[in-house]
Amino acid sequence: MMKRPLPSEWSGWLEQHVPFYPDLTGEVRERFLRYLRAFVWDKHFFGAGGLEITDEHRVVIAGAAVRLVLNLDLSFYDKLTEIIVYPDDYRHPDSDDVVLGEAQHWGTVVLSWSAVLHGMADRKDGHDTALHEFAHVLDVADGAFDGTPELHRFGDYRTWARVMSDAFLKLQDDVPRRKTVLREYGATNEAEFFAVASETFFEKPRQLRQNAPELYDELCRFYRVEP
């Protein structure tokens, strides 16, 4: 099945909505498409709020998910079983807060389709809703939303803890002065910090390297890529 040609409409959606896709070449593109197919076929997609799920939704959302694990492994998403997609932002029944996306520890990601498209349309603004929520999925792969995904070696945890803690505390200190390359939302807690840092790493790598070189290097080691 993985050897079948990519449906022409899939290529069109990737070219239109997934801004990093045209930059992928050779073996990297082949691996991206292999992971993409597996994600689309393996995960269950459900529409909510009147949205009827199409292959376009599946392909574009899968593209965001695969970006994070392109140099890792799809096994990071083993506990993820379903993606629920609303047409626009939504609210919980017991809250007035507008929600663009969320990841649940039981294996569900919920996304606003309009937020997915908006986040991917500007590849350099440091805000990508789908990438953010799938970073949470990587985080909870070890059982907890704590800002620390499953690292590659046991010896990696000590440096990770120091670098991430220092950067998180610095962000909390910098937010009142508006002097940060990271979105303010990352100062909420360690889990949100990792997700926001991941957004910045992929969308503003140069600025992150200049402003937080240790954080940048740590994310390079985890994601096994230097964007």
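Find the centroid of the Cα atoms in the range 49-118 and in the range 170-225, then give the distance between the two in whole Å.
Here the two parts' Cα centres lie 22 Å apart.
Nearest 500 deg cm²/dmol is fine: what mean residue ellipticity at 222 nm does the chain get from its DSSP H runs of n ≥ 4 alone, each adding -39,500 (n - 2.57), divided by its residue count?
On the way: 9 runs with 114 residues, N = 227.
Value at 222 nm, helices only: -16000 deg cm²/dmol.
Report, for the chain, the % of DSSP beta bridges that are antiparallel, rounded to 5.
Numbers: 5 of 14 bridges.
Looking only at bridges with both residues in the chain, the antiparallel portion is about 35 percent.
Taking the chain, how many lysine pairs are there with alpha carbons less than 16 Å apart, if each pair must be eight or more places apart or span two chains? Present the calculation step by step, with values, prior to reporting the outcome.
Values: K43/K79; K124/K204; K170/K179; K179/K204.
Count of close lysine pairs: 4.
Put +1 on the Cβ of every Lys and Arg and -1 on every Asp and Glu Cβ in the chain; which of L24, Y185, L14 then has its Cα farthest towards the positive end of the dipole?
The listed residue farthest towards the positive side: L24.
Dipole magnitude of the range 8-140 about its Cα centre, charges +1 at Lys/Arg Cβ and -1 at Asp/Glu Cβ only, in debye to the nearest 20?
Numbers: 11 positive and 23 negative charges, 96 e Å.
So the dipole magnitude of the range 8-140 works out to roughly 460 debye.
So how much slack lies between N71 and A38, counting 0.36 nm per residue of separation and subtracting their Cα-Cα distance, in nm? All intermediate terms of the calculation are to be shown ahead of the outcome.
Details: separation 33, 0.36 × 33 = 11.88 nm, distance 1.53 nm.
Contour length minus the Cα-Cα distance gives 10.4 nm.
If each of T54 and R91 carries a label point 7 Å out from its Cα toward its Cβ, how far apart are those two points in nm?
The two pseudo-label positions are separated by 2.9 nm.
When the dipole is taken about the Cα centre of the chain, and only Lys, Arg (+1) and Asp, Glu (-1) are charged at their Cβ, what size is it in debye, to the nearest 20? The partial results should precede the final answer.
Details: 26 positive and 39 negative charges, 170 e Å.
Dipole size: approximately 820 debye.
Positive end of the charge dipole of the chain (Lys, Arg +1 and Asp, Glu -1 on Cβ, about the Cα centre): tell me which of V59, L80, P205 has its Cα farthest that way.
So the residue furthest toward the plus end is P205.
Using 0.36 nm per residue, how much length does the chain from E82 to Y157 gain when fully extended, once their Cα-Cα distance is taken away?
Values: separation 75, 0.36 × 75 = 27.00 nm, distance 2.95 nm.
Here the segment from E82 to Y157 would lengthen by 24.0 nm.
For the chain, what are Rg and Dmax over the alpha carbons, in angstrom?
For the chain, the Cα radius of gyration and maximum Cα-Cα distance read 17.1, 53 Å.
Give, rounded to the nearest 20 debye, the magnitude of the charge dipole that the range 156-223 has about its Cα centre when Lys and Arg contribute +1 at Cβ and Asp and Glu contribute -1 at Cβ.
Numbers: 11 positive and 12 negative charges, 54 e Å.
Here the size comes out at about 260 debye.
If a paramagnetic tag sat 7 Å from the Cα of D23 along the Cα-Cβ line, which residues of the range 192-227 would have the backbone N under 16 Å from that point?
It comes to 198-210, 220, 223-227, nothing else.
If I model a spin label at E184 and K124 as a point 7 Å from the Cα along the Cα→Cβ vector, what separation in nanometres do I get?
Spacing of the two 7 Å Cα→Cβ label points: 2.4 nm.
When T129, T159, T148 are ordered from fewest to most other Cβ atoms inside 10 Å of their Cβ, what list results? Before the final figure, lay out each step's value.
Numbers: T129 23, T159 14, T148 19.
Sorted ascending by nearby Cβ count, the order is T159, T148, T129.
Using only Cα positions of the range 8-140, each an equal point scatterer, no hydration layer, compute I(q)/I(0) via Debye at q = 0.14 Å⁻¹ and quote the log10 values to two decimals.
Rounded to two decimals, the profile gives -0.58.
Using amide H atoms built 1.01 Å from N in the peptide plane, name the residues 5+ places from F45, or on other chains, whose amide H lies under 5 Å from its own.
Result for F45 returns I83.
Roughly what would the spin-label model give for F46 and S8, points 7 Å off Cα along C-beta, in nm?
According to this spin-label approximation, the distance is 3.5 nm.
Pick from E30, E150, E184: which is most flexible by mean-square fluctuation in a GNM of the chain where alpha carbon atoms under 10 Å apart are linked?
Highest fluctuation among the options: E30.
Which whole DSSP H helices in the chain pass both tests: a Cα extent of 18 Å or more along the axis and a mean Kyte-Doolittle value no lower than -1.0?
Working: long enough: 26-42 (24 Å, -0.45); 55-69 (21 Å, 0.73); 156-174 (27 Å, -0.74); 190-203 (20 Å, 0.38).
Result, helices passing both filters: 26-42, 55-69, 156-174, 190-203.
Coordinate-derived values only; no laboratory data. In this text, all values refer to a predicted model and were calculated from it rather than measured experimentally. Heads up, the Cβs are rebuilt from the backbone with ideal geometry, glycines too, and the neighbour counts pull from every protein chain shown.
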